[in-house]
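Novice: Have a look at the structure that comes next, please.
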Amino acid sequence: MTESKKPLPAVPARRTAEELEAIVRQKFIELNTPGAIVEFDPEEAEYAGAFIEDALSEEDALAAMYDPRNDN
């Protein structure tokens, strides 16, 4: 039994920062259209900052609970 080989999917060439900026800028403009569905590929989403973790750490959140005005 011979196994048929499937062609590998084409890997898109990486875009330059200038190309990504233009694409993402246009998509942000499109996001202002009510009801518009704007899709970002992973590279565009990463360029737009979608995967940047900037949440407070647990320690920072606990420290923010302290209010020195309530010290007795």
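The values are calculated or read from the model by the stated rules, or taken from the named source; none is laboratory data. Predicted model only: the values in this text are computed from it and were never measured. Methodologically, a virtual Cβ is constructed for each residue, glycine included, from the backbone with ideal geometry; neighbour enumeration extends over all protein chains shown.
Novice: How about region 47-68: which of its residues are exposed (fewer than 10 other Cβ atoms within 10 Å of the Cβ) and within 30 Å of LYS27 (Cβ to Cβ)?
Specialist: GLY49, PHE51, ILE52, GLU53, ASP54, ALA55, listed by residue number.
Novice: Name the residue that is farthest from PRO42 (Cα to Cα), counting only residues in region 52-71 that are outside any helix (DSSP H, G or I) and modelled with pLDDT of 80 or more.
Specialist: The qualifying residue farthest from PRO42 (Cα to Cα) is MET65.
Novice: Restricting to region 24-51, and then to whatever is assigned to a helix (DSSP H, G or I) and in contact (Cβ under 8 Å) with a residue 12 or more places away in the chain, can you tell me which residue is farthest from ALA13 (Cα to Cα)?
Specialist: PHE28
Novice: Counting only residues that are aliphatic (A, V, I, L, M) and either outside any helix (DSSP H, G or I) or over 13 Å from PRO42 (Cα atoms) (or both), which one in region 1-22 is modelled with the lowest pLDDT?
Specialist: MET1
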